[in-house]
Amino acid sequence: MSIPTLLLHPYQHFLNSLRIPSPRLHCILHSGRHPASGASSAVLLKPSGHHCTKWTLLSGGPRRALCAQATLKDHTEGLSDKEQKFVDKLYTGLVGGQRACLAEAITLVESTHARKKELAQALLQRVLAHRREQERLNQGKPLTFRVGLSGPPGAGKSTFIEYFGKMLTERGHRLSVLAVDPSSCTSGGSLLGDKTRMIELSRDMNAYIRPSPTSGTLGGVTRTTNEAILLCEGGGYDIILIETVAGGDELQGIKRGIIEMADLVVITKSDGDLVVPARRIQAEYVSALKLLRRRSGVWRPKVIRISARSGEGISEMWDAMREFQQVMLASGELTTKRQKQQRVWMWNLIQENILEHFKTQPGIREQIPLMERKVLSGALSPGLAADLLLKAFKSKP
């Protein structure tokens, strides 16, 4: 008999493994079956405006280095009047709570078109500045609660989200659901059918559901999940729920570290004939969690049983989630995790863009198919092929 399990975890740590940044509670829906170059010198110049540009003197002459204090002006001065008006329209509509502008903004940040990516960054900088100002007015505390939820097909994720989401909107919250669907390795397509399974919630004007394909990104999230979260927060949604997929039974989950990342384990479908096995699995998780190393000095993961059919336990689960948020905020752990994840996300994006630049570099792009064929035929080892491509890339002027 299979009892699905919902693992709630502050979006940060779980997102660390999933390549997503920020503080939040992460929910993992998991099937719970009962187990059988150095510069010679540097000169700092201060041009007009409120930013500074650093120049380093290298052997090849002065070259511009990293701008230490980038401002919004740096991201908008290269835009045409038409592009500026477009960014202004999206920003104004977004912070004004217009769902259509939020949807268009997320579509923009998901684009892989080079110019659209520049427009997206200009928009994101404005939204980020808006969020910082809002948090400053809130005594530096986050205005939103981010929740990550994961689990295998059939664990009841959509049923849970619909009941839970309706409960939250009835209590005055605005909920955004970012549903990540895995893309096919063969066709590259995704079903993106989450809205069809959350009919009532999708009609709620205080809820926004956005399905997105992984498009080959590993870790259960998309390349732009972090940006989508920021846009939803800018749009006034105070609870952001990120839903993704994970597999395996409870023992496999513990073995792979999935359970270790959870801050709240929720046994779903605890109703009818499944109540007794649900209690048994709850006890097993309680015992298992005692054996795991604690990640937090102030919070110990809890195990709760719920039923999205009857609603039993869901209010208690929300109370536990709020308790987690308050305890972690008071200790400063939540803020620290968000900051660390922002750094991790920055490096993930750097790695992704460097790889894309490498693969599209003239001279390298033509050699890649040749090297792949030699590796497939056994003429070259993967390591040697990689070394040859990297040497060719480094020799480029």
Review point. Can you flag which of Lys290/Lys337; Lys85/Lys141; Lys359/Lys391; Lys117/Lys394; Lys157/Lys290; Lys85/Lys116 are past 20 Å Cα-Cα?
Key: Lys290/Lys337; Lys85/Lys141; Lys117/Lys394; Lys157/Lys290
Point to revise | Relative contact order of the range 279-327, pairs being alpha-carbon contacts under 8 Å that are 6 or more residues apart, as % | key: 30 percent
Exercise for review: Mind grabbing the accessible area of Phe393 for me, 1.4 Å probe, Å², rounded to tens?
Suggested key: 60 Å²
**Study point:** Segments 357-369, 275-287, 154-166 sorted - mean Cβ within 10 Å per residue, highest first
**Key:** 154-166, 275-287, 357-369
Practice item. Please give the net charge around Ile364, taking every other residue with its beta carbon less than 14 angstrom from that of Ile364, where Lys and Arg add +1 and Asp and Glu add -1. Key: +1
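The values are calculated or read from the model by the stated rules, or taken from the named source; none is laboratory data. Every value quoted in this text rests on a predicted model; they were computed, and no experiment measured them. Neighbour counts run over all protein chains shown; Cβ positions are idealised from the backbone, glycine included. The area values use the complete protein model at the heavy-atom level, side chains included, leaving out ligands, DNA and RNA. Shrake-Rupley method; radii C 1.70, N 1.55, O 1.52, S 1.80 Å.
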